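Report on one structure; see the data block that follows.
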Amino acid sequence: MQSGTAHLGQTPANAGKVLKAVADELGVEATAEALAGVDPEELLKAQNIISADVSQSPDSGKYGPSTMASCGLAFMPVVDGDVLPRRPIDAIADGAGSNVPLLMGTTTEEFRLFIVTTVLVGWNLPVLYDKHLKAYSVPAGSWDEYKKGGTNAYSRDAASGVACALLSDRMFRIPTYRIAEARATAAATHLYEFGWRSPVTPNNLQVKIGACHSVDLPFAWDTLALPDSQKLTGPNPPQALATALHQAWADFAKTGQVSWDAYDTTKRPVMTYARNNNATTNQVVEDPRESEREWWDGHPATS
């Protein structure tokens with residue numbers, strides 16, 4: 001699993017709000033039959049418009065709280081009691097898949113993809129993010145907690161840097177830990193974190209996408225040479241890093257094992273690829289960013 005978020009699940013009513021917004025954008029009824037008659041390109045265009053509205057102007061009243069729980073996703077699995085009977089995290093907690101070894105990873109700066117590629121990258125005041133944090137059920141005091149956690153490798157000097165770090169944990173890293181914690185007595189669960197920062201700057205402010213969501217894909221698949229991969233990685237990404245991550249994937253697929261210990265709730269070992277953005281250093285770290293992990297303990301948004 002990469003960037004897994006098993007705690008998400010839209011209600012049918014909230015999914016219907018998003019569907020109606022798409023249908024209204026197209027000027028058709030919100031039915032399968034009406035949407036089937038729409039040109040696919042027009043349908044995709046409408047979906048993109050509504051997706052942008054959900055992510056950039058969060059409104060629980062308009063799209064529903066279960067939509068906002070996704071931190072900006074308009075479309076996601078719907079817990080309808082039939083096709084998807086319940087949220088995956090609840091099934092996992094009850095033992096689903098407990099006999100299956102699991103390899104899971106996130107990038108260090110997941111949410112940068114959703115901030116530095118949008119108008120949000122220019123928001124330089126914390127107050128500008130208040131509406132998003134409230135809609136996403138972020139605990140009070142989180143901004144100050146994350147403001148003090150920046151490093152030379154992963155700076156949080158700008159407001160966008162704090163928001164990226166905070167929402168990366170809210171949406172990706174902590175929910176990944178929740179899966180591992182729920183599988184404490186199951187087959188081995190191995191966690192990794194990918195820290196290499198891409199130099200690509202997808203905005204006029206020259207802010208890098210860094211170790212953002214999906215930047216690890218070309219490394220995991222060992223496809224750095226593909227032109228489409230380099231749109232994300234930029235030129236000359238470190239091949240040694242791709243070799244290491246791809247080998248771990250391949251070994252796990254073949255044997256169900258990797259070179260580092262399974263996650264537990266005592267030592268909490270995590271393999272960190274390109275530790276602190278160092279392209280040549282991969283090392284196991286016990287409980288990385290412990291205080292920020294503990295910040296979310298007991299909070300329902302990530303459970």
Inset, instruction - Of the numbered conditions (1) within 15 Å of the chain's Cα centre (by Cα); (2) open to solvent by less than 50 Å² (accessible area, probe 1.4 Å); (3) modelled with pLDDT of 95 or more, S51 fails exactly one; give the number of that condition. - result: (1)
Legend entry - Among the candidates P202, P139, P175, residue that is assigned to a loop (DSSP other than H, G, I, E, B), out of contact with any strand residue (DSSP E or B) (no Cβ under 6 Å at 6 or more places or on another chain) and closer than 14 Å to E292 by Cα: P139
Legend entry - Any chance A23 is aliphatic (A, V, I, L, M) and farther than 22 Å from R112 by Cβ: yes
Inset, instruction - May I ask you to say which residue of Y154, Y129 is buried (at least 16 other Cβ atoms within 10 Å of the Cβ), of a type outside the set (G, A, S), farther than 21 Å from G72 by Cα and at pLDDT 95 or above? - result: Y154
Legend entry - Criterion: open to solvent by less than 60 Å² (accessible area, probe 1.4 Å), in contact (Cβ under 8 Å) with a residue 12 or more places away in the chain and more than 24 Å from A184 (Cβ to Cβ) - qualifying residue of P77, P58, P88, P101: P58
Inset, instruction - Of all residues in region 1-23, count the ones that are in a loop (DSSP other than H, G, I, E, B) and over 23 Å from A36 (Cα atoms). - result: 8
Inset, instruction - Taking the options L103, L84, name whichever one is in a strand (DSSP E or B), more than 30 Å from A158 (Cα to Cα) and modelled with pLDDT of 95 or more. - result: L103
Inset, instruction - Only helices (runs of 4 or more DSSP H) wholly contained in region 205-303 count here; list those with 3 or more residues that are in contact with a Pro (Cβ under 8 Å, 6 or more places away or on another chain) and not aromatic (F, W, Y). - result: 227-233
Legend entry - Test: D157 is over 25 Å from S66 (Cβ atoms) and without any contact (Cβ under 8 Å) to a residue 60 or more places away in the chain: yes
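The values are calculated or read from the model by the stated rules, or taken from the named source; none is laboratory data. Computed from a predicted model, the values in this text were never measured in an experiment. No Cβ is skipped: glycine too gets one built from the backbone with ideal geometry, and neighbour counts run over all protein chains shown. Quick note on the areas: whole protein, heavy atoms, side chains included, nothing else; ligands and nucleic acids left out. Shrake-Rupley method; radii C 1.70, N 1.55, O 1.52, S 1.80 Å.
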